[in-house]
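**Student:** Sharing a structure here in structure tokens format.
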Amino acid sequence: MVKKDFQILSGKSIELISICSAIILWQLVAVYIVQNKFYLPSFTDVTFAFVGIISKDTKLGLFGLDYQLPVLLVDLIYSLMHFWIGLIFALVIGIPVGMIMGWFRTINRVVDPLIEIIRPIPPLAWIPFAIVWIGLNPIAAGFLIFIGAVFPIIINTFTGFKSVSRVYVEAAKVLGCNTDRELIRYVALPYALPSITAGIRIAMGVGWMCLVAAEMFGVSRNGLGYKIWHHYYLHNMDLVLVYMLLLGFLGLFIDRALRYYIDGKLLKWRKGVVI
């Protein structure tokens, strides 16, 4: 027990040392090598910029609300709204499509070529159609995030269902699972669950990266991605880095929360090798 606690403490110390070393290196390079705040603001510049905008308030303006809230909180609310709109639609569409493709061979032959034609198209290329079809509103931003997130979910769900062993299917039939619905529910879905959750994790990462592109074409006047471009146009590169770091830390938090739920709750029966 003591050895395990020491290993955990040592691991956290290494992570802390790594972060502190990166900050020190960043500060030294910015101050003594680059020496230009526009090209690379220092850590202290970014810290002061962050402190400076914490106290600023703005109007929320969502769902008829008219509350004055901190600017960062409002930007976070808008970005999370855009992100979850896209991700929820990706889950609702991606998982069933992947399941059907993986279980029914004929449907896979029909749908797979269409998906492989659309999948390589970058989400940015869909911006004109997002504006024409949907307009400048949060749904348009969610649409771009949906485009980026749906294909990893489809592919991983398809892979999980496609790799179900025939032995398990035949054993389930012997035990009374005779319909496709029962086989999918009691055999294929539990077997494919690790692959599906891996696809969801990848999709969340891709969707979060698409957030900047989704907010850059003016769907709203708030959002982490929108503020990156807004402050870039004003040459406030310290604030650009503030919002970039916020995107990074929030992405890390979302990924860790998902991993905690999946590994600790949903897939707690799986045990791997811990080094």
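The values are calculated or read from the model by the stated rules, or taken from the named source; none is laboratory data. Everything numeric here is computed off the predicted structure, so don't read it as measured data. Here the Cβ is made from the backbone with ideal geometry for all residues, glycine too, and neighbour counts use every protein chain on show.
**Student:** Does segment 172-185 contain at least one residue that is surrounded by fewer than 22 Cβ atoms within 10 Å (Cβ to Cβ), in contact with a Ser or Thr (Cβ under 9 Å, 6 or more places away or on another chain) and on the phi < 0 side of the Ramachandran plot?
**Tutor:** First, pick out the residues of segment 172-185 that are surrounded by fewer than 22 Cβ atoms within 10 Å (Cβ to Cβ): 172-185.
Still in the list and also in contact with a Ser or Thr (Cβ under 9 Å, 6 or more places away or on another chain): none.
No, segment 172-185 contains no residue that is surrounded by fewer than 22 Cβ atoms within 10 Å (Cβ to Cβ), in contact with a Ser or Thr (Cβ under 9 Å, 6 or more places away or on another chain) and on the phi < 0 side of the Ramachandran plot.
**Student:** Looking at (1) touching a Ser or Thr at 6+ places or on another chain (Cβ under 7 Å); (2) under 26 Å from Val219 (Cβ atoms), which is the one condition that is false for Val150?
**Tutor:** For Val150, the exception is condition (1).
Results for (1) surrounded by 11 or more Cβ atoms within 10 Å (Cβ to Cβ); (2) closer than 26 Å to Asp255 by Cα; (3) of a type outside the set (Gly, Ala, Ser); (4) modelled with pLDDT under 90, shown as yes or no for each residue.
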site: Leu25; (1), (2), (3), (4): yes, no, yes, no
site: Asn36; (1), (2), (3), (4): no, no, yes, yes
site: Pro70; (1), (2), (3), (4): yes, yes, yes, yes
site: Leu87; (1), (2), (3), (4): yes, yes, yes, no
site: Gly94; (1), (2), (3), (4): yes, yes, no, no
site: Met99; (1), (2), (3), (4): yes, yes, yes, no
site: Arg105; (1), (2), (3), (4): no, no, yes, yes
site: Asp112; (1), (2), (3), (4): yes, no, yes, no
site: Ile115; (1), (2), (3), (4): yes, no, yes, no
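**Student:** Do you know which residues across segment 38-68 are part of a helix (DSSP H, G or I) and at pLDDT 85 or above?
**Tutor:** From segment 38-68, those part of a helix (DSSP H, G or I) are 43-54; that's our starting set.
Across segment 38-68, the qualifying residues are Phe43, Thr44, Asp45, Val46, Thr47, Phe48, Ala49, Phe50, Val51.
**Student:** Please determine, by comparing only the residues of segment 145-183 that are free of Cβ contacts under 8 Å to residues at least 24 places away in the same chain and of a type in the set (D, E, K, R), which one is nearest to Tyr78 (Cα to Cα).
**Tutor:** Among those residues, the one meeting the criterion is Arg181.
**Student:** Just to confirm my filter: which helices (runs of 4 or more DSSP H) fall fully inside segment 182-269 and include at least 2 residues that are of a type in the set (Gly, Ala, Ser)?
**Tutor:** Details: elements: 189-215, 224-233, 237-261.
Output list reads 189-215, 237-261.
**Student:** Do any residues in segment 218-238 that are crowded, with 18+ Cβ neighbours inside 10 Å have Cβ atoms under 7 Å from those of residues that are at pLDDT 85 or above and among the small types (Gly, Ala, Ser), where the two are at least six apart or on different chains, and which pairs are they?
**Tutor:** Close Cβ pairs (under 7 Å, with a partner that is at pLDDT 85 or above and among the small types (Gly, Ala, Ser)) amount to Val219/Ala140; Val219/Ala141; Gly223/Ser79; Leu224/Ser79; Gly225/Ser79; Gly225/Ala214; Asp238/Ala49.
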